[in-house]
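The values are calculated or read from the model by the stated rules, or taken from the named source; none is laboratory data. Nothing here was measured: the structure is a model prediction, and the numbers come from that model. Glycine gets a Cβ as well: all are built from the backbone with ideal geometry, and neighbour counts include every protein chain shown. Only protein heavy atoms, including side chains, enter the accessible area calculation; ligands, DNA and RNA are left aside. Shrake-Rupley method; radii C 1.70, N 1.55, O 1.52, S 1.80 Å.
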Amino acid sequence: MRYLWWLIRRQPWRVLRGSLLGTTWMIGLSARPYLIARAVDDGLRARDTRALAFWVAAIIVAGLALSYVGTMRHRTMTFIREDAKARTAEVLLRHLSRIGAALPRRIGAGEVATVGGSDINWTAEVLTLTGPGVGAIIAYAVIAVVLWSISPLLALCVLVGVPVVGLVVGPLLRRLERAESVYRQQQGALTARSGDIVAGLRVLAGVGGRDLFARRYAARSQDLRAEGYRVGAVNSWIDAASVAIPGLFLAAVVWLTARMAVTGDVTIGELVAVYGYVATLIVPVWFLLEGSYQLIRGRVAARRIADLLNVSPDDVGGPGRRWPGPVPDARRPGALDAPAGPADLHDPVTGLTVRAGRLTGVAADDPAAGVALADRLGRYVVSGTTWGGVPLTGIALDEVRSRIVVADHDSYLFAGTLRDILRPTGGDAGGDDHDRVRAALRVASAEDVVDALPAGLDTPIDARARTLSGGQRQRVRLARALRTEPEVLILIDPTSAVDAHTEARIAERLRAARAGRTTVVITTSPLLLGRADLVAHLSAGRITSTGTHEGMLDYEPGYRRLVARGSEDPDIERPADTEEAYR
């Protein structure tokens with residue numbers, strides 16, 4: 001509800017205009033029954049042609065004015081809803097971009113897709129209550145006052161009848177909210193499952209698992225459909241009640257008024273007016289019921305949006321920042337100063353110390369432990385990692401992101417030309433940028449990728465670069481990471497999809513290109529580890545040994561088994577001057 005209120009406060013004058021137009025339109029609906037009653041009593045019954053013509057003209061003018069007000073009301077409410085949609089999309093996109101790679105660790109892609117695909121619309125629909133919703137309440141009170149002037153009994157029927165409608169529909173609305181929440185959660189989970197299947201379709205087909213996943217997806221779809229039926233059942237009862245109950249209410253009031261007309265308590269014109277008033281009352285009652293339904297769905301949707309906004313990039317893995325509230329500045333109060341120059345990174349969880357200006361290789365027995373280490377060093381999870389003795393989590397996030405880059409071998413590639421993909425955000429343009437791109441491609445041994453494309457660097461690439469092979473995509477990702485030229489570069493298995501000859505070239509060029517800058521390579525490739533200044537063996541969550549690659553091969557059996565893929569030959573990938581290098 002706070003988020004919905006925030007959307008309203010972002011456009012106060014437009015919402016006020018919508019409320020005024022909605023109220024005028026609703027009250028204007030009750031003006032015509034009064035004019036018709038006057039035409040009947042003062043014109044038809046009195047046989048006064050001039051009075052009849054006057055009231056008929058008044059009815060026409062009122063109809064035209066009401067049409068104009070209704071058009072402006074609808075136009076204004078459309079602006080309000082579209083503004084809310086655009087504002088929510090903007091807030092979500094900005095927040096998702098700030099979270100970056102930390103998002104998948106907290107929320108699935110299906111949840112994000114569902115929020116962006118439908119929850120934004122349902123949240124915006126709630127703002128309809130600020131126009132016709134407000135007008136419906138005021139029109140209800142006005143009609144009750146007018147009916148009181150005709151008959152207190154009729155006014156009492158209206159004042160009591162409409163709350164009774166709410167009491168009947170209220171339990172259905174609460175039931176709808178519960179069913180809608182479960183349905184939306186299952187829909188997000190199924191969307192995530194479909195995304196995973198599509199992303200790994202080739203792999204599934206290769207290992208014969210496509211039919212198995214198809215059957216599981218079909219089963220989940222059946223469960224979602226059953227939940228959708230439950231939502232639809234409640235929704236159908238609400239829709240039926242929205243039409244049937246006001247209709248029965250209208251019939252009861254008209255029957256009562258007709259009996260009063262027979263006894264002479266009201267005139268024929270007043271009988272017509274009462275019918276018009278109550279028939280008009282159905283419109284605000286319907287708006288209130290429809291608005292209640294929209295409020296239920298909108299609250300569910302807004303809750304999911306708020307949950308997404310509560311994922312804080314400053315505290316990933318810990319308590320989220322509650323929303324709404326001011327977006328924290330990159331240089332938030334109390335932020336610690338980052339090291340002025342190159343400094344050591346220390347991870348107390350594993351005991352690893354990454355020396356500044358050196359190429360460090362980390363061989364992990366468990367790939368997940370290597371990824372977790374990279375997350376801590378790059379501040380994607382809350383940990384006690386220090387940078388130059390300063391807690392990494394205390395430094396402004398923008399400072400960390402601009403100086404420490406973690407490059408996953410399977411990171412996302414956005415659509416665009418290859419040049420755009422390789423150009424860092426806010427990067428410079430011109431010849432200097434072109435030279436840097438070419439240099440990054442050379443280090444990643446990806447020149448052949450560019451040469452094979454019809455327009456070279458200006459060739460459009462689709463999302464995820466599906467037109468490229470796995471090895472080509474991996475080299476493009478590596479070139480993109482190198483092009484950022486960060487102070488600290490952390491690479492996760494950067495050559496797992498390339499052949500040995502290409503891997504050897506990358507290892508040699510990477511060492512030369514990153515000379516004097518801090519680089520961490522998490523891999524079990526002996527070609528990459530052989531070029532590292534220092535190698536660390538990560539086993540059972542701790543660094544068990546460190547040294548040169550050659551020395552570790554000689555004196556660390558666990559490390560030798562890991563990088564030699566089970567081979568006991570200690571001379572694997574060892575240069576001729578091994579002993580000299582080790583000494």
Practice task
Could you figure out which of (1) in contact with a Phe, Trp or Tyr (Cβ under 9 Å, 6 or more places away or on another chain); (2) not in a helix (DSSP H, G or I) isn't true of Asp265?
Solution key: (1)
Problem - Candidates Leu441, Leu413, Leu397 - the one that is under 27 Å from the mean Cα position of the chain (by Cα), more than 25 Å from Gly341 (Cβ to Cβ), of a type outside the set (Asp, Glu) and surrounded by 19 or more Cβ atoms within 10 Å (Cβ to Cβ) - result: Leu413
Problem - Thr76 closer than 30 Å to Val405 by Cα, modelled with pLDDT of 85 or more and either among the β-branched types (Val, Ile, Thr) or buried (at least 18 other Cβ atoms within 10 Å of the Cβ) (or both) - result: no
Exercise for the section: Given the conditions (1) buried (at least 23 other Cβ atoms within 10 Å of the Cβ); (2) closer than 30 Å to Gly456 by Cβ, report the number of the one that Met552 does not fulfil. Expected result: (2)
Problem - Of all residues making up the stretch 102-150, the number that are modelled with pLDDT under 75, in a loop (DSSP other than H, G, I, E, B) and not hydrophobic (A, V, I, L, M, F, W, C) - result: 2
Handout entry: Search result, residues across the stretch 484-504 that are touching a His at 6+ places or on another chain (Cβ under 6 Å) and among the aliphatic types (A, V, I, L, M)
Key = Ile492
Exercise for the section: Go through Ile27, Ile36 for me and flag whichever is open to solvent by 40 Å² or more (accessible area, probe 1.4 Å), within 18 Å of Val145 (Cβ to Cβ), out of contact with any Asp or Glu (no Cβ under 9 Å at 6 or more places or on another chain) and assigned to a helix (DSSP H, G or I). Expected result: Ile27
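Quick test for you: out of Gly427, Gly471, pick the one residue that is open to solvent by 10 Å² or more (accessible area, probe 1.4 Å), outside any helix (DSSP H, G or I) and either out of contact with any strand residue (DSSP E or B) (no Cβ under 6 Å at 6 or more places or on another chain) or modelled with pLDDT of 90 or more (or both).
Values: Gly471 fails: outside any helix (DSSP H, G or I).
The conditions single out Gly427.
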Practice task
Look through the stretch 333-383, keep the residues that are under 24 Å from Leu529 (Cβ atoms) and among the polar types (S, T, N, Q), and return whichever of them is surrounded by the fewest Cβ atoms within 10 Å (Cβ to Cβ).
Solution key: Thr353
Practice task
Go through (1) of a type outside the set (Lys, Arg); (2) over 19 Å from Leu478 (Cβ atoms); (3) modelled with pLDDT of 85 or more; (4) part of a helix (DSSP H, G or I) one by one and return the number of the condition Pro342 breaks.
Solution key: (4)
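Please indicate, with yes or no, whether at least one residue in the stretch 494-507 is over 21 Å from Asp347 (Cα atoms), part of a helix (DSSP H, G or I), basic (Lys, Arg) and more than 37 Å from the chain's Cα centre (by Cα).
Within the stretch 494-507 (the criterion being over 21 Å from Asp347 (Cα atoms), part of a helix (DSSP H, G or I), basic (Lys, Arg) and more than 37 Å from the chain's Cα centre (by Cα)), the answer is yes, since at least one residue qualifies.
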